[in-house]
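Read the figures in this text as sums done on the coordinates, not as results from a lab. Model, not experiment: these values are computed from the prediction. Backbone-built Cβ (ideal geometry, glycine too); neighbour counts: all protein chains shown.
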Amino acid sequence: MKKIQVFDPALCCSTGVCGTEVDQVLVDFSADVDWLKHSGGQIERFNLAQQPMSFAENAVVKSFLERSGAEGLPLILLDGEIAMAGRYPTRKELARFAGVSGEIVSSESKTEACRSGSKCC
């Protein structure tokens, strides 16, 4: 199983899903992270505002930040190597990165289903 590490920009909380104006991209990604964890994938997130030492102590991340700055975040590492930068991966991409198979229900479908009044959330 591959290990995914997500290095987030400075967020107000561990997921960025807080406050009065929540970014839908962060909501969807947070749901995708939960899905991956429940599907057996290994993923961990680091928030620049709350865990700056995790950024400074990782040579790959530190080098990336020196070149691209915090504006280049989020940074996604797969087994310690850069897999993606500048945007969050989709659920399908996360599944591929982690080597997880099975049914992939998109976060958009789940969000829409939740809005329609089902009790999925």
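Amide H to amide H distances under 5 Å link Lys3 with Asp79, where only residues 5 or more positions off or on other chains count and H is placed in the peptide plane.
Put simply, the range 3-115 fits an ellipsoid with semi-axes of 24, 18, 11 Å; these come from the alpha carbon gyration tensor as the roots of five times its eigenvalues, largest first. Residue order for Arg87, Arg96, Arg67, Arg45, fewest other beta carbons within 10 angstrom first, comes to Arg67, Arg87, Arg96, Arg45.
Once Lys and Arg get +1 and Asp and Glu get -1 on their Cβ, which of Gln24, Gln51, Thr90 lies farthest toward the positive end of the dipole of the range 3-115? After comparing all options, I get Thr90.
The amide H of Met84, built 1.01 Å from its N in the peptide plane, has Ile76 as neighbours under 5 Å, considering only residues 5 or more places off or on other chains.
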